[in-house]
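Worksheet for the structure shown next.
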Amino acid sequence: MRQKSVLVVGAGLSGAVIARILAIRGVHVCVVEGRNHVAGNCHTVRDQHTGVMVHAYGPHIFHTDDAEVWRFVNRYANFKQFKNQVKAQVGGGVYALPINLHTINQFFGKTFDPNAARAFIQAQTTPVIAPARNFEEQALQTIGRDLYQAFFKGYTEKQWGRAARDLPASLLKRLPLRFDYNDDYFSHRYQGIPEAGYTDMVARMLDHALIEVQLGVRFDRVDARGFDHVFYSGAVDGYFGHSYGRLAYRTLDFETRSYEGDFQGCAVMNYPSADVAYTRITEHKYFAPWESHERTICYTEFSRDCGIGDIPFYPIRLVHEKQMLAKYRDLAAREAGVSFVGRLGTYRYLDMDVTIKEAMQIARTYAKKAGVAALPAALEAAA
Ligand code: UDP
């Protein structure tokens, strides 16, 4: 049988996982990437001046409950345990996020135990008569007005550039509310950061005799000719020439500063107040506590609407955009020989682990349909 050959557009997590899974089954994979590096927005690079490993497109902490995904990423990187513990500076105080018993006691000047705190917060919330229709309703139903206004309203409106009433309730559900002193940002079983950075991890995934990577190459639809299949991880509206209009994304700008010693004493400090223009400051060396550096480098993060030529980070998914998205989804479903994958290809706010899981499933499904030899699980795990 002739060797199958596929084109993967984008060398981020989706593209690299698909390329690897197909290459180990004997498929020839060509990966084209528009930027001059692999790993998409989880790209990491060592800053020349300070020696610190920088998360070039903002903080990325790997967290998952999925043992298969965890095993997969650990084949390409040595993960160091890392638990994100975010702080928020607001109203002249510094608080722990996500909201936990310490945050509640500190914010309200109380010494509640978990039950008392639960009752106190419940008394502040609006009763749930119907499911929340937007971010604001969800916040008022779960944490009440005071905490919402201090920690969420300003941050969310800066981050998304939209009124909290126009944003989906699902956004708030990303963050837990805790009535104990656990201040880990994520609750997942497996959490960590690759010791040599995400770019090294993705480069290892792509390091295979059957994978060819071309950097700095913009994809054009005619490039798909001659391949058996295309996996496209760019923006779905871009693929179709924005024929139904532009789906809204947010992009980020970073102001970079370095200092002697330390700056803030933690990796991520959020600034939820509407009076501060930025959303958060990231001090990158705190993502690698196993390293030591005399200097430090910080990124101050500003969010704005993504214009033509900007890098899209977050799909906004406004309620009125649903129709446009449905039209693109329909076009995508009918596009023969192309699979749309990842955060941009499916226009969803995906975390890294979900992106990887979906990419694994998509690659295996294609392999099966295309009659590419399945690998015994043990062999796949070792490849
Ligand atoms: N959020 C907030 N205040 C904070 C942190 C988060 O209001 O201090 C809201 C905001 O709407 C944000 C969402 O919760 O977009 C999800 O936050 P997450 O930390 O998951 O965002 P990411 O790190 O992916 O940007």
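Quick note: the coordinates plus some simple rules give every number you see, no bench work behind them. Not measured: the values here are computed from a predicted model. Reconstructed Cβ throughout: ideal geometry from the backbone, glycine too, with neighbour counts over all protein chains shown.
A few notes on this one:
- A Förster distance of 41 Å, applied to the separation of the beta-carbon atoms of Glu260 and Ser187, puts the FRET efficiency at 0.70.
- When only alpha carbons of the range 205-281 are considered, Rg and Dmax amount to 20.5, 55 Å.
- A dipole drawn for the chain from +1 and -1 charges on Cβ atoms has a positive end, and of Ala274, Gly92, Leu215 the residue lying farthest that way is Leu215.
- Alpha-carbon Rg/Rh ratio, for the range 306-358, with Rh computed the Kirkwood way: 0.98
- Choice from Lys87, Lys327, Lys369 with maximal GNM fluctuation in the chain (Cα, 10 Å cutoff): Lys369
- Rg(Cα) / (2.2 N^0.38 Å) computed for the range 148-261, rounded to two decimals: 1.56
- If R0 equals 22 Å, the separation of the Cβ atoms of Ala326 and Arg221 corresponds to a calculated FRET efficiency of about 0.50.
- Comparing Gln264, Gln323, Gln141 in a Gaussian network model of the chain where C-alpha atoms under 10 Å apart are linked, the largest mean-square fluctuation is found at Gln323.
- Pairwise FRET efficiency - Arg174 versus Lys110, Cβ, R0 = 25 Å, nearest 0.05: 0.40
- Between Ser303, Ser187, Ser233, the Gaussian network model of the chain with springs among Cα atoms under 10 angstrom shows the greatest mean-square fluctuation at Ser187.
- Coarse-grained scattering of the range 32-124 at q = 0.11, 0.22, 0.23 Å⁻¹, given as base-10 log I(q)/I(0) from a Debye sum over alpha-carbon atoms: -0.59, -1.15, -1.20
- In percent, rounded to a whole number, the relative contact order of the chain is 26, using alpha-carbon pairs under 8 Å and six or more apart.
- For the range 85-236, the spherically averaged projection of the C-alpha convex hull amounts to 14.5 nm².
- Viscosity 0.692 mPa s, temperature 37 °C, Stokes-Einstein D of the range 256-383 from Kirkwood C-alpha radius, µm²/s: 172 µm²/s
- Only Lys, Arg, Asp and Glu carry charge here, each on its Cβ (+1 for the first two, -1 for the last two); on that basis the chain has a dipole of about 1080 debye about its Cα centre.
- Relative contact order (percent, whole number), the range 1-123, Cα cutoff 8 Å, 6+ residue spacing: 13 percent
- Between Gly261, Asn182, Phe240, the Cα set farthest toward the positive side of the dipole of the chain (charges on each charged residue's Cβ, about the Cα centre) is that of Phe240.
- For the range 10-117, the Cβ-based charge dipole about the Cα centre amounts to some 220 debye (Lys, Arg positive; Asp, Glu negative; other atoms uncharged).
- Modelled label reach - Ser292, point 7 Å along Cα→Cβ, the range 36-72 residues with backbone N closer than 17 Å: 51-53
- Extension reserve of the Arg2-Arg348 stretch, reckoned as 0.36 nm per residue once the Cα distance is removed: 121.0 nm
- For the Cα trace of the chain, dividing Rg by the Kirkwood Rh returns an Rg/Rh value of 0.98.
- Between the helical axis of 13-23 and the longest alpha-carbon principal axis of the chain there is an angle of about 30 degrees.
- A Cβ-based charge dipole, computed about the Cα centre of the range 226-305 with Lys and Arg at +1 and Asp and Glu at -1, lands at about 180 debye.
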